[in-house]
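The values are calculated or read from the model by the stated rules, or taken from the named source; none is laboratory data. For clarity, every value in this text was computed on a predicted model and none was experimentally measured. Note that each Cβ is placed from the backbone with ideal geometry, even for glycine, and that neighbours are counted across all protein chains shown. The area values use the complete protein model at the heavy-atom level, side chains included, leaving out ligands, DNA and RNA. Shrake-Rupley method; radii C 1.70, N 1.55, O 1.52, S 1.80 Å.
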Amino acid sequence: MTIRRPVAFWFAALAAFIVLVWLLHDILLPFVAGMVLAYLLDPLASRIERAGIGRFAAAIILIGLAGFGVIFLFILIAPILLVQLAGFIAELPNYVARLQAVVADPNRPWLTQILGASLSEGNLSDVTKQAASGFLLFLRSLIAGSGTLVSALALLVITPVVAFYMLYDWPRIIAAVDSWLPRAQAPTIRALAHEIDAAIAGFIRGQTGICLIVASLYALGLSLIGLRYGLLIGAVTGFLSFIPYVGSLTGFLLAVGVALAQFWPNGLPILSVIGICIVCQFLEDYVLAPALVGSIVGVHPLWLMFSMFAFGYLFGFVGLLLAVPLAAAAGVLVRFALRQYLASSLYSGAEP
């Protein structure tokens, strides 16, 4: 019966952690970002350390490379994305008007049958405004939970420092936490922690690779076809691909909508855009996800989607960073509690 104590301990710790995040989420972003970065880089630091380089030097090398990579990406890609974003926002009313004209064209009644009479009667702009309002509301909740320009500057200054010290002291932190565990339940807690770590690492590291590859494929394919804002659509699709199904659906709707407004009535480039979306989705589902994420994650996509939206809405960017670890931890603990229940006398009805 003592094996139930770790379950109560972990659930209590998880609840206390959520309350603490809720109380301090306005100032936590640079610290949480630094811890996430250190967690992602720890396997590389361990490999460098095994190669004969000290942990201190490994931490400096990895944080330096990560910083140079972020700066390089911002210098190279950010200006292009900002220009495309400004152009897309300026052109959005015209795109909506063109789409509405295409759908409402009386010479093509089959579009009305496919898309529905409500869109052909002039409500496409209303639908677009409602979708934009919902998305802006979610973005405002993220920004409100992330503070102001001071928080952005703190993110740039504090995050590398936190990441360096966390990466350098990671083995000591793990050893210290392990020494605090109750000795009788330590093996069970270690097993649960290992399962949680496998779920978190399997998803975050794998899904990050998927996001980068999907963004590159969308941006390259759509730009080669000549679709306007192809790089922006690829970046948005890759970023949102961290949330299952949301990225692929958003990328498809954006790409096809822009293609219809730009190329109609020329059907070949529109079909090419649809083909690129289908190929990218196939590669993501049947090639990238099995190879980079696999079946070890154990987090249902719907539970993960709900967690990211809920924590993002409540805690801003801090919530987004913590949603996956908390969802994975909760999933592992619930499965462990269910296993204990199915093996108990309460379920079987036998005498304990």
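For labels at Phe239 and Ala198 in the simple 7 Å Cα→Cβ model, what's the distance in nm?
3.4
Give me the accessible area of Ile77, 1.4 Å probe, in Å² rounded to the nearest 10.
60
If packing is taken as the average number of other Cβ atoms within 10 Å across a peptide's residues, how do 211-221, 304-314 rank, most packed first?
Order by mean packing, descending: 211-221, 304-314.
Can you put Tyr39, Tyr245, Tyr168, Tyr341 in order of accessible area, largest first, using a 1.4 Å probe?
From most accessible down to least: Tyr245, Tyr341, Tyr168, Tyr39.
In region 188-249, what percent of the accessible surface is made up of carbon and sulfur (1.4 Å probe, ligands and nucleic acids excluded)?
Ligands and nucleic acids excluded, carbon and sulfur reach 74 percent.
Can you run phi through the Karplus equation (6.51, -1.76, 1.60; θ = phi - 60°) for region 322-333 and list ³J(HN,Hα) in whole Hz, with x for Gly and Pro?
8, 4, 5, x, 5, 5, 5, 5, 4, x, 5, 5
Using the heavy atoms of the protein chains alone and a 1.4 angstrom probe, what is the accessible area of region 212-352 per residue in square angstrom?
50
I'd like to compare 78-86, 246-254: which one has the highest average count of other Cβ atoms within 10 Å, and what's the full order after that?
246-254, 78-86
What span do the alpha-carbon atoms of region 198-302 cover on each of the three principal axes, reported in whole Å from largest to smallest?
49, 21, 19
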